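The values are calculated or read from the model by the stated rules, or taken from the named source; none is laboratory data. Keep in mind that this is a model prediction, so the values were computed, not measured. Glycine also receives a Cβ, built like all others from the backbone with ideal geometry; neighbour counts cover every protein chain displayed. Note: accessible area is taken over every heavy atom of the protein model, side chains too, but ligands, DNA and RNA are not part of it. Shrake-Rupley method; radii C 1.70, N 1.55, O 1.52, S 1.80 Å.
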Amino acid sequence: MEYKVLLKFTDLECEKTFLGPMNKNLNIIRKELNYNIAHMNDTLVIDASADFIKTGEIVNAIYFLCEKGISFQERDIIYIINRFNNSINYDETRKSILAFYQKKQVIVNTYDGKKIYAKTLTQQEYLKAMEDSCVVFATGSAGTGKTYLAVGYAVNMLKTNKVRKLIITRPAVEAGEKLGFLPGDLKEKVDPYLIPIYDSLYEFLGKESTDKLIEKGVIEIAPLAYMRGRTLDNAIVILDEGQNATSNQMKMFVTRLGFNSKMIITGDITQIDLPNKSSSGLIEATRLLADIDGIKHIEFGALDVMRHPIVTKIIAKYEEKEND
């Protein structure tokens with residue numbers, strides 16, 4: 001079999017980092033590209049029949065991270081590979097990837113001190129939108145970090161005293177279960193659906209601090225219906241599952257915006273639980289408000305999924321089905 005030289009390693013430590021323990025990183029590259037790539041002494045070679053140019057771009061981008069001492073994980077390797085697989089301009093893709101990893105920005109620290117970064121270019125764009133805009137719409141599939149990053153950003157704003165209140169809300173729409181059969185009032189019925197929100201708050205603030213801030217009213221978690229008639233000043237307001245807000249509910253919500261406040265509306269337009277899917281207020285709002293200065297719409301794709309790598313492939317298959 002004929003081979004071509006892909007990469008000549010010039011630094012032993014960078015070589016070890018690139019290959020990973022027991023060649024774990026190299027095996028990921030082989031598996032994702034389905035090419036015969038081998039490590040021989042201090043050289044990386046590839047089957048001559050493979051896509052040499054694209055693979056060369058990928059391994060050089062990953063090696064650049066090693067040379068700069070930038071830490072990366074399995075999902076970063078897969079993210080870089082997917083970016084090049086979906087690229088029509090390798091030069092621009094390479095520049096954007098390298099710039100992204102060199103300028104990683106901390107969004108917030110978790111309760112145990114872990115730093116949370118934007119993990120994709122779209123997440124980085126999302127963070128900038130939250131900083132620069134009054135209203136941000138974030139749409140895309142589950143696992144792209146829409147709500148998690150919004151909560152992290154809001155907690156950081158609260159910690160640095162840039163706002164006085166954090167309000168998180170969502171529509172009380174049934175998603176397969178019947179709310180009417182659940183015990184308690186409307187808030188108590190909706191609370192089980194907000195468990196991911198509570199989990200994020202506990203991760204960023206700790207359970208005890210979160211519970212105290214909720215008790216004091218600094219953090220408020222409530223159904224969307226509770227927003228009616230209010231003007232929300234000095235607050236970060238997050239509307240989760242926005243695809244299940246009706247047109248009237250979305251209009252009611254976005255017109256609650258007060259001074260020194262920001263609104264972040266997240267949702268997945270492929271998961272609408274309204275009886276009439278075309279009546280989603282999120283779809284209407286992103287179209288209707290697109291040209292207003294101070295309002296930004298960020299769209300996440302399959303490449304932004306931060307769950308197990310196989311989830312990206314699952315989403316791609318469902319997208320193929322929908323397109324067919």
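Data table
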{"read-out": "Angle in degrees between helix 24-33 and the longest Cα principal axis of the chain, rounded to the nearest 10", "value": "80 degrees"}
{"read-out": "Whole-Å semi-axes of the chain's equivalent ellipsoid (Cα gyration tensor)", "value": "42, 22, 18"}
{"read-out": "From phi via Karplus (6.51, -1.76, 1.60), per-residue ³J(HN,Hα) for region 73-81 in Hz, x at Gly/Pro", "value": "10, 4, 5, 5, 4, 5, 4, 4, 4"}
{"read-out": "DSSP-defined antiparallel bridges as percent of all bridges, the chain, nearest 5", "value": "35 percent"}
{"read-out": "Normalised contact order of the chain, rounded percent, pairs of Cα under 8 Å and 6 or more residues apart", "value": "19 percent"}
{"read-out": "GNM result for the chain, Cα springs below 10 Å: residue of GLY217, GLY152, GLY113 fluctuating most strongly", "value": "GLY113"}
{"read-out": "Within a Gaussian network of the chain (alpha carbon springs, distance under 10 Å), most fluctuating of GLU32, GLU125, GLU57", "value": "GLU32"}
{"read-out": "Whole-Å semi-axes of the ellipsoid equivalent to region 55-121 (Cα gyration tensor, √5λ, descending)", "value": "24, 12, 11"}
{"read-out": "Lys, Arg +1 and Asp, Glu -1 on Cβ, resulting dipole of the chain about Cα centre, debye, nearest 20", "value": "680 debye"}
{"read-out": "Percent carbon-and-sulfur accessible area, the chain, ignoring ligands, DNA and RNA, probe 1.4 Å", "value": "51 percent"}
{"read-out": "Phi to ³J(HN,Hα) by Karplus 6.51 cos²θ - 1.76 cosθ + 1.60 over region 35-41, Hz, x for Gly, Pro", "value": "10, 7, 10, 10, 9, 10, 6"}
{"read-out": "Segment LYS24-THR43, length gained on full extension (0.36 nm per residue, minus Cα span)", "value": "5.2 nm"}
{"read-out": "Eligible lysines near LYS321 by straight Cα distance, threshold 20 Å, same-chain separation 8 or greater", "value": "LYS277, LYS313"}
{"read-out": "Radius of gyration and Dmax over the Cα atoms of region 1-55, both given in Å", "value": "10.8, 30"}
{"read-out": "Orphan Cys of the chain, criterion: no other Cys C-beta under 4.7 Å", "value": "CYS134"}
{"read-out": "Surface per residue (accessible, 1.4 Å probe) for the chain, Å²", "value": "52 Å²"}
{"read-out": "Radius of gyration, Dmax [region 235-311; alpha carbons; angstrom]", "value": "13.7, 43"}
{"read-out": "Among ILE310, ILE238, ILE197: highest mean-square fluctuation, GNM of the chain, C-alpha pairs under 10 Å", "value": "ILE310"}
{"read-out": "Greater than 29 Å apart at Cα, pairs in LYS68/LYS119; LYS8/LYS317; LYS146/LYS212; LYS207/LYS251; LYS8/LYS128", "value": "LYS8/LYS317; LYS207/LYS251; LYS8/LYS128"}
{"read-out": "Principal semi-axes in Å for region 26-87 [√(5λ), Cα gyration tensor, largest first]", "value": "18, 15, 10"}
